[in-house]
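Note sheet for the following structure.
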Amino acid sequence: MTGGTIARVPGALPLIGHTGAFLKSPLEFLKGLSAHGELVELRFGRKRVLVVCDPDLTQEMLRRDRVYDKGGPIYDRMREAAGNGLATCPSRDHRRQRRTIQPAFHHSRLPGYARTMTEVIDEAVRGWDGPEVDLCHETRSIASSVLLTTLFGTAFAPEARDALARDLETILRGGLRRAVLPEALSALPTPANLRYQRARRRARGMMADLIRAVRAGDGSGDSLFATLVNQHGAGTGDLPMTDEELVDQAITMYVAGTETTAGVVCWALHLAAQHPQAGRRLADECRSVLGHRAATWEDLPHLPYTRQTLLEALRLNPPGWLITRLTTTDDARLGDHAVPRGSTIVYSAYLLSRLPARYEEPEHFAPERWAPGTMGAKVPDGVFGGGARKCIGDEYALIEGVLMLATITARWDVRTAPDAPKRPHLPALTLNPTRLMATVTPAAAPDGSR
Ligand code: HEM
């Protein structure tokens, strides 16, 4: 190698390398890596893995998406669940897919999606009867209904939507599990694997029917898929997407967009409950703007602290805590460093969000960091990726997150125990809690009434 040296992280043991230290405490392990350099090398058995420990170098890598392409074992396994959709396809297929899908996320579409979000959130949160709720379950169920309604439109019968949501949940859980399990275990005819295969067949069949209905123009004119079907290829010369490809995209959106958004709202509610001063400020904002009603698109500019709280929760608990790329060329350089072809490179929003050079007291929950004009970046480093593969649903997610957090906070006082979030057993694909029990009581309106 020429140029800057890639630092070898000390502590590699014979045969296993850093595997033991990583598995013992993955998050603590990640946090310690930046002390060794901006680009460092780990060993997992015989496999070498590079980790980028600097936000600018991370963005440089993400911008060069043909050199540092999607790949590696996790993406290969995710492809099994989500097909060759936007999030998992290699860069050679990506430009066409992104051009086709981007109009569905254009700014002009967001107010319409926000209307759906408000309706779903309003109905769900109104139905809570307390005093105990699992916020994980509630936020996932909201995010799931929002996503399916925005994808396919309201012409979709609620019972069919619930059945599809159940199958997609099975695919999501199964896909996440299978991505981190040894391949041989995924092929065994265990009850979980058979359930996954059945759910996958049923969900794909049902989504293919929905897509045919959208193509036939059944009145779901405002849905995300109606935009895809009606605008594809317009002016670009791209081939239209087949039904099969559209089903892959629908599964991709579901996997990428439900648990991520729900998880960050859970963390925000928990962190606000654990930090009384920030919690009070959040509640004051939401209740003075909304009273007890649900938040809408028009309220968004009046809920800045709610957005800041969400961003800070996202910084502390980014769902995509470990994401990989595969180096595809011989002469790749990253900053000053030569990177061999075939190298797996990890970027981690969790690691970047804890850099002391970037964030004062990085472990401290401080929504004030995100006050307009305070931070250079508008969102925490790396939480939505970057370059051509940047999250296509970033604004959609932040809007949904703010509407959900504000509506819940306006209507309910939420209390959680410090150890309430049950974290997944790492290494899992996301940091989202699997359960978050909370005590909820109706909130007092600004005039003291309940
Ligand atoms: C807080 C919520 C969310 C977070 C933190 C998040 C995070 C991310 C990240 C880090 C990536 C880049 C992955 C990589 O570099 O390999 C990504 C990509 C993606 N996200 Fe999100 N996401 C969120 C919500 C959503 C939503 C709501 C949708 C859809 C409605 C969505 C759809 C996608 C898609 C399709 C991609 C792939 C984009 C491409 O490769 O062109 N995400 N997301």
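The values are calculated or read from the model by the stated rules, or taken from the named source; none is laboratory data. Keep in mind the model is a prediction, meaning the values are calculated, not measured. A quick note on method: Cβ atoms are made from the backbone with ideal geometry, for glycine too, and the neighbour counts reach across all protein chains shown. We work out accessible area using only protein heavy atoms, side chains counted, and drop any ligands, DNA or RNA first. Shrake-Rupley method; radii C 1.70, N 1.55, O 1.52, S 1.80 Å.
Mind pulling the per residue volume of the convex hull built on the Cα atoms of the chain? Å³ is fine. Numbers along the way, then the final one.
Details: hull volume 68.5 nm³, N = 450.
In the chain, the Cα convex hull volume per residue is 152 Å³.
Given +1 at the Cβ of Lys and Arg, -1 at the Cβ of Asp and Glu and no other charges, the dipole of the stretch 1-101 around its Cα centre is 420 debye to the nearest 20. Put simply, the stretch 64-107 fits an ellipsoid with semi-axes of 20, 13, 8 Å; these come from the alpha carbon gyration tensor as the roots of five times its eigenvalues, largest first. In the stretch 203-343, taking the dipole from charged Cβ atoms about the Cα centre, the farthest positive-side position among Gly263, Gly291, Leu224 is held by Gly291.
Element breakdown for the chain at a 1.4 angstrom probe: carbon and sulfur atoms account for 55% of the accessible area.
Under a model in which nothing but the beta-carbon of Lys, Arg (+1) and Asp, Glu (-1) is charged, the chain shows a dipole of about 1220 debye around its Cα centre. For the stretch 1-105, the alpha-carbon radius of gyration amounts to 1.30 times the rule-of-thumb value 2.2 N^0.38 Å expected for a compact globular protein.
In this structure, the amide hydrogen of Phe44, modeled 1.01 Å from its nitrogen in the peptide plane, lies closer than 5 angstrom to those of His18, Val49, counting only residues at least 5 positions away or on a different chain. Using a Gaussian network model of the chain in which every pair of alpha carbons under 10 angstrom is joined by a spring, one finds that among Arg307, Arg315, Arg173 the greatest mean-square fluctuation is at Arg173.
Ordered from largest to smallest accessible area (heavy atoms of protein chains, 1.4 Å probe), the residues Cys391, Cys266 come out as Cys391, Cys266. Dividing the convex hull volume of the alpha-carbon atoms in the stretch 221-353 by its residue count gives 208 Å³ per residue.
This model, with +1 at the C-beta of Lys and Arg and -1 at the C-beta of Asp and Glu, gives the stretch 123-222 a dipole about its Cα centre of some 660 debye.
Which number gives the lysine pairs in the chain that have C-alpha atoms under 18 Å apart and are eight or more places apart or on different chains?
Numbers: Lys24/Lys422; Lys47/Lys70; Lys70/Lys390; Lys378/Lys390.
So the count of such lysine pairs works out to 4.
Hey, how much of the P(r) for the stretch 278-361 falls beyond 20 Å, as a percent of Cα pairs? Each step should come with its number before you reach the end.
Numbers: 2031 of 3486 pairs.
Percent of Cα pairs beyond 20 Å in the stretch 278-361: 58.
Solvent exposure of the chain amounts to 44 Å² per residue of accessible area, where only protein heavy atoms count and the probe is 1.4 Å. In a solvent-free Debye calculation with one equal scatterer on each Cα, what is log10 I(q)/I(0) for the stretch 292-450 at q = 0.08, 0.10, 0.16 Å⁻¹, listed in the order of the q values? These q points yield log10 I(q)/I(0) values of -0.32, -0.48, -1.10. D by Stokes-Einstein for the stretch 89-194, Kirkwood Rh over Cα pairs, 25 °C, 0.890 mPa s: 146 µm²/s.
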